[in-house]
Amino acid sequence: MIDLKDYNQKVRQDLKIYYKRGNQVLTFYTTWGLFSPRVIDEGSQMLLNYLDIEPGYDCLDLGCGYGVLGLYMARSAPRGHTLLVDRDFVAIEYAEKNRLLNKTDNASCLLSNGFDHIPKQQFDLIVSNIPAKVGKEMLYIYLFDALEYLKPGGSFYIVTITGLRQFFKRGFHEVFGHYEKIKQGKTYTVARGVKPA
């Protein structure tokens, strides 16, 4: 028979994930209720394989969850600043915990519904593991706002379920003037738009 008191204590403890890429090792605390709490999700891992990050880039992780993409970008761009935003206060709490844990002083975390509370600034790189169920209206808002918040020549990288690929192909063409499919897998597609210089 399960000791429910013991089980209750165990499931309330933080989970821990390690991520290694090249010479970078990052540690993440997560908890139940956050997206993909036991492993880094396949879409984020796929996106990390294709990001082109320069050391001086200012970066934005839109919908950061517990901070995987944003903290990797902060480590990869030590002379820039990376902002991690999410609309979920628990996600921001864990992103901040992980920022401190990984000693990424060139990053900060902010509670925001999309771009709504981000101060007016421009980024070299914006990334997002786009949620599938926010609605097409919100997805268009992301595209328009990303274009506004990018520096000329800056890139907006996304990873989406492959079922949304045609929507984003059309949306990027309408908003950015072009669409670049970087990698299409069975489940996820990585794509980007570049702001005209």
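The values are calculated or read from the model by the stated rules, or taken from the named source; none is laboratory data. Just so it is clear, the model here is predicted, and its values are computed rather than measured. We place every Cβ from the backbone using ideal geometry, glycine too, and count neighbours over all the protein chains shown.
Annotations
- Set Lys151, Lys181, Lys195, Lys133: member being surrounded by fewer than 18 Cβ atoms within 10 Å (Cβ to Cβ), touching a residue at least 40 places away in the same chain (Cβ under 8 Å) and of a type in the set (D, E, K, R): Lys151
- Selection status of Asp86, among the acidic types (Asp, Glu), surrounded by 21 or more Cβ atoms within 10 Å (Cβ to Cβ) and either touching a Pro at 6+ places or on another chain (Cβ under 7 Å) or over 22 Å from Lys195 (Cα atoms) (or both): yes
- Matching entry among Lys5, Lys16, Lys10 (being surrounded by fewer than 16 Cβ atoms within 10 Å (Cβ to Cβ), over 15 Å from the mean Cα position of the chain (by Cα) and not in a helix (DSSP H, G or I)): Lys16
- Matching option when the condition is out of contact with any His (no Cβ under 7 Å at 6 or more places or on another chain), modelled with pLDDT of 95 or more and among the basic types (Lys, Arg), among Lys136, Lys181: Lys181
- Residue among Leu69, Leu51, Leu60 that alone is in contact (Cβ under 8 Å) with a residue 40 or more places away in the chain, assigned to a loop (DSSP other than H, G, I, E, B) and under 22 Å from Ala146 (Cβ atoms): Leu51
- Checking each residue in the range 172-188 for being of a type outside the set (S, T, N, Q) and outside any strand (DSSP E or B) picks out Phe172, His173, Glu174, Val175, Phe176, Gly177, His178, Tyr179, Gly185, Lys186.
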